[in-house]
Amino acid sequence: MEKLKAKIRTEGRVLGPDVLKVDAFLNHQVDPVLMADIGETFVSLFKDAGVTKVLTLESSGIAPALMTALGLRVPLVFAKKRKSLTLKDDLWTERSFSFTKQEESEVSVSKQFLSPADVVLIVDDFLANGQAAQAMAGIVRKAGASVAGIGIVIEKSFQPGRRLLTEAGYRVESLARIARLSEDSIEFEE
Ligand code: G4P
Ligand code: NA
Ligand code: NA
């Protein structure tokens with residue numbers, strides 16, 4: 001997606017060898033017009049997949065996932081990271097280890113919002129090691145629902161997430177794929 005790549009080139013900031021900061025349009029301030037374009041792009045990629053729900057993880061996945069759900073005319077469900085006060089019996093839960101933050105968290109979705117009839121499109125802002133997407137896919141499977149695919153706004157292709165998810169059989173569509181990051185350049189995959 002050329003418009004997204006242009007935005008990353010002009011407003012993205014590289015932190016260290018493997019972190020791209022995009023607080024100006026995605027992770028802190030949000031560009032709603034860009035989010036609408038991202039949603040339309042995911043809609044055109046997945047419009048024939050029979051999607052009944054979009055699933056993301058709070059908080060930064062919500063903006064692009066909402067625009068996708070709006071375009072597909074289906075509900076958005078966001079998985080929660082904090083432990084809920086609700087009884088655990090009511091939740092589908094998976095553990096997710098963040099290599100970026102070096103911490104394990106629990107990701108959960110209420111059983112109320114996923115059923116075996118659902119075909120779920122998973123959307124997230126970043127794909128790094130794939131732990132968040134894998135946890136969401138695990139929740140979909142526990143619910144007896146199916147995964148239509150995984151839509152990623154920014155993939156860091158030099159990290160192992162894409163390979164992990166495609167080897168597990170999931171369709172992964174990333175709107176910007178970064179091959180390399182360095183202090184003075186952001187290189188995209190061809
Ligand atoms: P993984 O899911 O691919 O394994 O990634 P990981 O756990 O390592 O990522 C932890 C958090 O850091 C996630 O956000 C993820 O979106 C984000 N992240 C990973 N790499 C980058 C990067 O290069 N740049 C930016 N800006 N974020 C990155 P989170 O903890 O879920 O936070 P939130 O923003 O959704 O609240
Ligand atoms: Na995220
Ligand atoms: Na994030």
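The values are calculated or read from the model by the stated rules, or taken from the named source; none is laboratory data. What you are looking at is a predicted structure, and each value in this text was computed from that prediction instead of being measured. Neighbour counts run over all protein chains shown; Cβ positions are idealised from the backbone, glycine included. We work out accessible area using only protein heavy atoms, side chains counted, and drop any ligands, DNA or RNA first. Shrake-Rupley method; radii C 1.70, N 1.55, O 1.52, S 1.80 Å.
Key figures
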quantity: Relative contact order (percent, whole number), the stretch 76-127, Cα cutoff 8 Å, 6+ residue spacing; calculated: 36 percent
quantity: Phi-based couplings in Hz for the stretch 111-124 (Karplus 6.51, -1.76, 1.60; Gly and Pro marked x); calculated: 4, 4, 10, 9, 10, x, 7, 6, 10, 10, 9, 8, 10, 8
quantity: Above-threshold pairs, the threshold being 32 Å between Cα atoms, out of LYS21/LYS53; LYS7/LYS81; LYS3/LYS88; calculated: LYS3/LYS88
quantity: Qualifying trypsin sites (Lys or Arg not before Pro) in the stretch 96-143, DSSP loop, other Cβ atoms within 10 Å at most 15; calculated: LYS101
quantity: Computed label-point distance, nm, for sites ASN27 and LYS88 using a 7 Å Cα→Cβ extension; calculated: 3.1 nm
quantity: For the chain, with +1 on Lys and Arg beta carbons and -1 on Asp and Glu, the positive-most of PHE78, THR93, ALA176 along the dipole; calculated: THR93
quantity: Rg over Rh, two decimals, the chain (C-alpha only, Kirkwood Rh); calculated: 0.95
quantity: SER182 versus SER98: modelled label distance in nm, points set 7 Å from Cα along the beta carbon direction; calculated: 2.9 nm
quantity: Antiparallel content of DSSP bridges confined to the stretch 32-177, in %, to 5; calculated: 30 percent
quantity: 5 angstrom amide H check on LEU127, placed H, neighbours 5+ away; calculated: ILE154, GLU155, LYS156
quantity: Residues with amide H under 5 Å from that of LEU91, placed H, sequence gap 5 or more; calculated: LYS111
quantity: Length-normalised contact order of the chain in % [C-alpha pairs under 8 Å, at least 6 apart]; calculated: 20 percent
quantity: Separation of alpha-carbon centers, the stretch 129-190 and the stretch 86-126, rounded to whole Å; calculated: 16 Å
quantity: Over the stretch 109-190: Kirkwood hydrodynamic radius from C-alpha pairwise inverse distances, Å; calculated: 13.4 Å
quantity: Percent carbon-and-sulfur accessible area, the stretch 43-113, ignoring ligands, DNA and RNA, probe 1.4 Å; calculated: 54 percent
quantity: Average accessible surface area per residue within the stretch 23-120, 1.4 Å rolling probe, Å²; calculated: 57 Å²
quantity: Kyte-Doolittle mean at least -1.0, axial Cα span of 18 Å or more - DSSP H helices of the chain; calculated: 32-46
quantity: Backbone HN-Hα couplings from phi across the stretch 154-167 [Karplus 6.51/-1.76/1.60, Hz, Gly and Pro as x]; calculated: 10, 9, 9, 5, 7, 9, x, x, 4, 4, 4, 6, 6, 5
quantity: Cleavage-rule hits, GluC sites (Glu not before Pro), the stretch 1-99, DSSP coil, Cβ neighbours within 10 Å at most 14; calculated: GLU58
